[in-house]
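Each reported figure results from applying straightforward, stated rules to the coordinates on display, with no laboratory input. What you see is a predicted model, and the numbers here were worked out from it, not measured in a lab. Note: ideal-geometry Cβ built from the backbone for every residue, glycine included; neighbour counts use all protein chains shown.
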Amino acid sequence: MNPVERSCLLIADISGYTSYLAGVELDHAQDILADLIGTVVTTLQPTFRLAKLEGDAAFMVAPESELDGSLLLDVVERCYFGFRRRRRDVRQATSCECDACMRIPDLNLKFVAHVGPVVRQQMAGLDELIGRDVIVVHRLLKNTVTETSDATAYALLTDACTTALGLKPAELGMVPHRESYEIVGEVPGWIHDLERRWQEEDARARVRVTAEDAGLQADMPTSAPPQLVWEAITTPGGRMAWSVGVTGVTTDGARRTVGATNHCMHGKDEILEQILDWRPFDYLTVRSTMQTPGGPVTFVNTLELEPTTDGTIVHMRFAPPETEREQAILAEMRPMFEQMFEADRVALRTMLAMKVAERQARGAGPEVPKPSAGGVLAELPAPSMVA
């Protein structure tokens, strides 16, 4: 008998596709769907594994133990932002004026997420997930969100999901919502407005230490994709596994994002970190303040992820300190920092190599269809991980 697994079940559904398909040219519509679904699945992997493609939806799964609420929202929002950019790029890149190409902006994206026990079972040679909670998450696709709220693109997270992953949805501005289904009964949850988050992200100023600006820089090459590297450098458990001297990390607030503060413990010493910019899978910028006998010392640094053909390079860049005292302290501590960075580099690379091997052993799931060679999207570059 196969074991029961506590899992986060996520469905990404391209909304509006049924009505879109009814009035457009089928060959171009198929290519556009394949391209957009490919963008969605690629962004959600390898944090999530593809369980099954279901027409215009992707059913994804991840072990509950490997997620927290903040990481789930990072992945979902980044997927939606990537979908929006890809939808724009596809429309701009084709000169075709058929209905399928002209109506690409009609398509949107929604998510439903739930947490519960599932069992894997081989059926007709395919790996299937079964259990009551698999039924629940699929029922949630038919919901009343657009009728009862202003959300046109959203993530509907069940109470079971937010509770299991430690989210505080009310503090994040989510709207309570309930659905009721025959046999399943009432399912309470929360609406996370992705269109609002897209607008906030688009308007937010960037705070980033570039290579030209940096007073101190360390590069850490890894063999992992940006999604796994982001997980390692932003989750408390990930930080403690590779960052030398870190004995504990706690976060104030409902989510790791701009404005949140982290308490990074190095034994009895605490470094207070305030997040200045937060761009999942791309970079984050933090202001770190530590107490010294002469008063507090502040440094600003960016961790930027550069995708490569065989993994990701993490660029750790520190801005030149603003005061003469802080400049002198950085100069004095530089040899110690460089030793720490070298140890971090080895530990991060080793840890991520193990995670990559674990995810590869688990498998990526079914193959995702690709647009036809020489089709309407043949000249369009592959989706980029960079915002």
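What's the center-to-center distance, using Cα atoms, between the range 240-271 and the range 41-96 in Å?
28 Å
Evaluate the Debye formula for the chain with equal point scatterers sitting on the alpha carbons, no solvent, and hand back log10 of I(q)/I(0) at q = 0.06, 0.07, 0.14, 0.15 Å⁻¹, in q order, two decimals.
Evaluating at q = 0.06, 0.07, 0.14, 0.15 Å⁻¹ gives log10 I(q)/I(0) of -0.26, -0.35, -1.28, -1.42.
If the cut-off is 25 Å between C-alpha atoms, which lysines fall inside it for LYS110, apart from same-chain ones fewer than 8 positions away?
LYS52, LYS142, LYS168, LYS370
I'd like the FRET efficiency for ARG208 and ALA353, computed as 1/(1 + (r/R0)^6) with the beta carbon distance as r and R0 of 30 Å, rounded to 0.05. Walk me through the numbers on the way to the answer.
Numbers: r = 28 Å, r/R0 = 0.92.
Calculated value: 0.60.
Compare THR292, THR247, THR350 in a GNM of the chain, Cα atoms joined below 10 Å, and give the one with the largest fluctuation.
THR292
Are there GluC sites (Glu not before Pro) in the range 60-158 that DSSP marks as loop and that have at most 14 other Cβ atoms within 10 Å, and which are they? Present the calculation step by step, with values, prior to reporting the outcome.
On the way: sites: GLU64, GLU66, GLU77, GLU97, GLU128, GLU147; in loops: GLU97.
Of the GluC sites (Glu not before Pro), the ones in loops of the range 60-158 whose Cβ has at most 14 other Cβ atoms within 10 Å are GLU97.
Length gain on complete extension for the stretch ASP310 to GLU128, per 0.36 nm per residue less the alpha carbon to alpha carbon distance?
Working: separation 182, 0.36 × 182 = 65.52 nm, distance 3.08 nm.
That pair, ASP310 and GLU128, stretches by 62.4 nm at full extension.
With r as the distance between the Cβ atoms of ARG287 and THR163 and R0 = 30 Å, compute the FRET efficiency 1/(1 + (r/R0)^6) and round to 0.05. All intermediate terms of the calculation are to be shown ahead of the outcome.
Values: r = 32 Å, r/R0 = 1.06.
Given R0 = 30 Å and the Cβ-Cβ separation, E is 0.40.
Please say if the range 283-327 is rounded, prolate or oblate, where rounded means a/c under 1.5 for a ≥ b ≥ c the square roots of the C-alpha gyration tensor eigenvalues, and otherwise the choice is prolate for a/b larger than b/c and oblate otherwise?
Details: a/c = 4.16, a/b = 3.12, b/c = 1.33.
It is prolate, given that a/c is not under 1.5 and a/b is the larger ratio.
Report D for the range 38-79 in µm² per second (integer): Stokes-Einstein, Kirkwood Rh on Cα pairs, 25 °C, 0.890 mPa s.
231 µm²/s
Please turn the phi angles of the range 341-357 into ³J(HN,Hα) values with the Karplus equation 6.51 cos²θ - 1.76 cosθ + 1.60 (θ = phi - 60°), one per residue in order, whole Hz, x for glycine and proline.
5, 5, 5, 4, 4, 5, 5, 5, 4, 5, 4, 5, 4, 5, 5, 4, 4
Once every Cα of the range 205-361 carries one equal point scatterer and solvent is ignored, give the base-10 log of I(q)/I(0) from the Debye formula at q = 0.13, 0.17, 0.18, 0.21 Å⁻¹, two decimals.
Taken in order of the listed q values, log10 I(q)/I(0) reads -0.60, -1.06, -1.20, -1.65.
What number, rounded to the nearest 500 deg cm²/dmol, is the helix-based mean residue ellipticity at 222 nm of the chain, given -39500 (n - 2.57) per DSSP H run of at least four residues and division by all its residues?
Values: 11 runs with 137 residues, N = 387.
Result for the chain: -11000 deg cm²/dmol, rounded to the nearest 500.
By per-residue mean of other Cβ atoms within 10 Å, what is the highest-first order of 156-168, 352-364? The partial results should precede the final answer.
Values: 156-168: 20.2, 352-364: 14.2.
So the order, starting with the most tightly packed, is 156-168, 352-364.
Across all directions of projection, what mean area in square nanometres is found for the Cα convex hull of the range 4-202? Don't jump to the answer; show the numbers that get you there.
Working: hull surface 47.6 nm².
The Cα convex hull of the range 4-202, projected and averaged over all directions, gives 11.9 nm².
The range 260-331: which trypsin sites (Lys or Arg not before Pro) are DSSP loop and have at most 12 other beta-carbon atoms within 10 angstrom? If you can, show how the numbers build up before the last one.
On the way: sites: LYS268, ARG287, ARG317, ARG325; in loops: LYS268.
Those that pass, being in a loop and sparsely packed, are LYS268.
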